[in-house]
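Peer 1: Dumping the structure here so I can ask a few things about it.
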Amino acid sequence: MRGTELFGALRERQFRLLWLGQTTSTFGDGLVPVALSFAVIGTLDRSATALGVVLAAQSLPLVLFVLVGGVWADRLPRQIVMLVSDVIRCAVQATLAVLLLSGAAQLWHLAVLIAIYGTAEAFFQPAATGLVPATINPERLQQANALLGLSRSTAFVVGPAVAGVIAATTNPGIVFAVDAVTFAVSATSLALLRLPRSRREGQRHSFVADLKGGWHELLAHTWLWVIVVWASTFLCIVIAPFMTLGPVIAKESLGGAASWGLIAAGWGAGSLGGGLLALRWRPPRPMLICTVLVLFIAPAMALLALRAPAPVIAAAQAIGGIGMGFFGAVWQTTLQQRVPEEALSRVSAWDWMGSFAFLPLGLILAGPVSQAIGISTTLWISVGYLVVSTLAVLLVPSVRNLRRLDEPEPRPEAALSTLTGEPVEAFHG
């Protein structure tokens with residue numbers, strides 16, 4: 001593919017507007033994790049358990065409300081759902097900035113406001129998954145997802161490093177003020193979109209019927225629900241300990257906020273490489289390759305358990321980031337291509353809910369478990385589960401054998417339509 005064609009999606013006005021808004025917003029998102037971590041364990045001088053509670057306050061509403069968000073994103077104009085979410089999150093971050101900069105912030109303030117943020121995010125994410133295909137030609141869909149992924153990756157290269165310096169030298173509240181501005185820019189770009197009316201907009205079914213329709217569509221694709229179930233345990237047992245215990249190790253052994261910012265930036269740098277790879281490579285068996293790439297996360301986890309120097313952990317994080325940057329673009333594309341447009345946000349909501357179902361539990365328990373058995377032991381358990389669970393997913397034929405849409409497919413199996421309940425021929429991968 002020629003270099004100019006790698007960014008051909010940006011020639012299309014609707015996607016370009018979406019991309020500009022999301023790129024600005026994700027820059028703020030890249031700043032926040034480090035700032036939030038050190039607002040709790042630095043500014044408020046709290047423990048890993050307290051940090052886990054605050055992080056869970058964001059992820060728990062996401063789990064509780066994302067299905068509601070998915071249904072409404074399939075009923076209403078998705079850009080409106082996203083715009084309202086951006087406005088709410090802008091207000092939350094501005095309030096957090098004022099509290100932190102004034103010195104009035106308390107732990108419960110952070111928990112409550114982050115919970116509101118997580119609720120708004122629960123409506124935004126399913127709507128965003130459904131909106132992207134409406135802004136781009138189908139031939140450029142993976143390219144569009146890869147470009148959005150590149151924006152996120154770039155943000156998580158620059159953002160954590162900048163946030164680490166700010167948190168170490170001034171006040172984390174500055175980061176939240178900047179993030180509030182980026183949400184305002186994103187809301188403006190969404191307001192400027194001019195998109196065709198969705199087939200489902202204006203239709204009225206019961207909430208339960210819509211929810212069941214999304215559930216049945218999820219179950220119709222074995223590769224999809226298997227990976228969602230896997231992700232739910234993976235985020236709980238692997239990612240939650242890393243997010244919760246990593247800043248503590250950085251503070252105790254690696255030099256503090258700046259070191260954790262470097263480690264987080266390493267992940268972003270790798271994700272950037274994975275996004276560039278997704279611009280060029282469309283693997284014949286996308287889920288096989290994506291699942292194998294998850295194993296690339298293991299080295300960074302092991303090095304953190306060993307308390308290796310921060311630059312070494314950051315380099316290993318970059319390796320894991322390559323796999324996840326590629327995974328994100330290809331996963332979104334595969335989902336958007338294989339799920340009907342009118343059910344896409346609901347299926348995406350089930351994906352988000354299933355994937356994050358146990359993350360709050362993992363965030364809350366990581367601190368107490370590490371106190372009982374040790375931080376390094378907790379992280380080694382995470383490494384072992386990562387390897388074993390990934391290999392188990394690779395044993396599932398529908399994950400290994402799912403082919404790219406322009407590749408030959410196995411003979412389709414008979415199934416019930418997830419939307420009408422009538423017999424149809426459906427690809428199960």
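The values are calculated or read from the model by the stated rules, or taken from the named source; none is laboratory data. Just so we're clear, the structure is a prediction, and the values are computed from it rather than from any experiment. Accessible surface is based on the protein model in full, side chains and every heavy atom, while ligands, DNA and RNA are left aside. Shrake-Rupley method; radii C 1.70, N 1.55, O 1.52, S 1.80 Å.
Peer 1: Mean separation of Cα pairs under 8 Å and 6+ residues apart, divided by the residue count of the chain: what relative contact order is that in percent?
Peer 2: Numbers: 825 pairs, mean separation 110.3, N = 429.
Averaging sequence separation for qualifying contacts and normalising by length gives 26 percent for the chain.
Peer 1: How much accessible area does Val165 have with a 1.4 Å probe, in Å² rounded to the nearest 10?
Peer 2: Around 80 Å² of this residue is reachable by solvent.
Peer 1: Let me ask something else. Assuming a ≥ b ≥ c are the square roots of the Cα gyration tensor eigenvalues, decide whether the stretch 105-260 counts as rounded (a/c under 1.5), prolate (otherwise, with a/b larger than b/c) or oblate. Mind dumping the intermediate values first?
Peer 2: Working: a/c = 1.90, a/b = 1.56, b/c = 1.22.
Judged from the Cα gyration tensor, the stretch 105-260 comes out prolate (a/c at least 1.5, a/b above b/c).
Peer 1: What percentage of the solvent-accessible surface of the chain, computed with a 1.4 Å probe over protein heavy atoms, is contributed by carbon and sulfur atoms? Spell out each step's value before the answer.
Peer 2: Details: 11720 of 16860 Å².
Summing carbon and sulfur atoms, their accessible area is 70 percent of the total for the chain.
Peer 1: How much accessible surface area, in Å² rounded to 10, belongs to the heavy atoms of Phe27 with a 1.4 Å probe?
Peer 2: 80 Å²
Peer 1: I'd like the distance separating the alpha-carbon centroids of the stretch 120-167 and the stretch 210-276, in whole Å.
Peer 2: 15 Å
Peer 1: Now a separate question. What percent does the relative contact order of the stretch 1-143 come to when contacts are Cα pairs within less than 8 Å and at least six residues apart? Write out the running numbers ahead of the final one.
Peer 2: On the way: 125 pairs, mean separation 52.0, N = 143.
Dividing the mean separation by the residue count of the stretch 1-143 yields 36 percent.
Peer 1: Moving on to the next point. What value, in deg cm²/dmol to 500, does the helix sum -39500 (n - 2.57) over DSSP H runs of n ≥ 4 give at 222 nm once divided by the residues of the chain? Let's see the in-between values first.
Peer 2: Working: 18 runs with 315 residues, N = 429.
That calculation yields -24500 deg cm²/dmol at 222 nm.
Peer 1: Using a probe radius of 1.4 Å on heavy atoms only, what accessible surface per residue do you get for the chain? Whole Å² is fine.
Peer 2: Spelled out: the 1.4 Å probe surface of the chain, per residue, equals 39 Å².
Peer 1: Could you tell me whether the stretch 361-407 comes out rounded, prolate or oblate from its Cα gyration tensor? Rule is a ≥ b ≥ c as square roots of the eigenvalues, rounded for a/c under 1.5, then prolate if a/b exceeds b/c, otherwise oblate. Let's see the in-between values first.
Peer 2: Working: a/c = 4.84, a/b = 3.05, b/c = 1.59.
In terms of gyration-tensor shape, prolate.
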